[in-house]
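A short worksheet on the structure shown next.
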């Protein structure tokens, strides 16, 4: 009987160790993902080194920041839709994206893209913006 109790206690301890190890691995994975996402949002990394490639994008009236982010991601201009959405919400251009046709570059930082899409004429790269 004592050997059964000892075996059961050993199995419980092993199960606890496995569960704790899995929780630690999950926390490490989530921490890494959060760090990478934060880095993509707050750094001014570009998708390509200069000179990059020119990409024409069309923002329609009523497009949400999510729709614009999805379009920019599909054209290789940003790392991900949510990177654009969060950066836009935290920037001075929040809610100021203007409809129009724009020429952006894959070597352009996200901050420059936001300025252009918001109609900030102090930035280079704007094609013809509709009012």
For a protection proxy built on the mean count of beta-carbon atoms within 10 angstrom, sort 99-112, 42-55 highest first, please. 99-112, 42-55
Can you compute the label reach from residue 98? Point 7 Å from Cα along the Cβ direction, backbone N cut-off under 15 Å, restricted to the range 61-84. 61-62
Could you state the orientation-averaged shadow area of the convex hull built on the Cα atoms of the range 1-42, in nm² to one decimal? 2.2
P(r) for the range 54-117: what percent of alpha-carbon pairs falls in each 5 Å bin, starting at zero? 4, 20, 35, 30, 10, 0
Label-point separation in nm, residue 26 to residue 90, each point 7 Å along Cα→Cβ: 2.6
Report Rg(Cα)/(2.2 N^0.38 Å) for the chain, keeping two decimals. 1.68
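Each reported figure results from applying straightforward, stated rules to the coordinates on display, with no laboratory input. No experiment lies behind these values; they were computed from the predicted model shown. In this analysis, Cβ positions are derived from the backbone assuming ideal geometry, glycine residues included, and neighbour counts consider all displayed protein chains.
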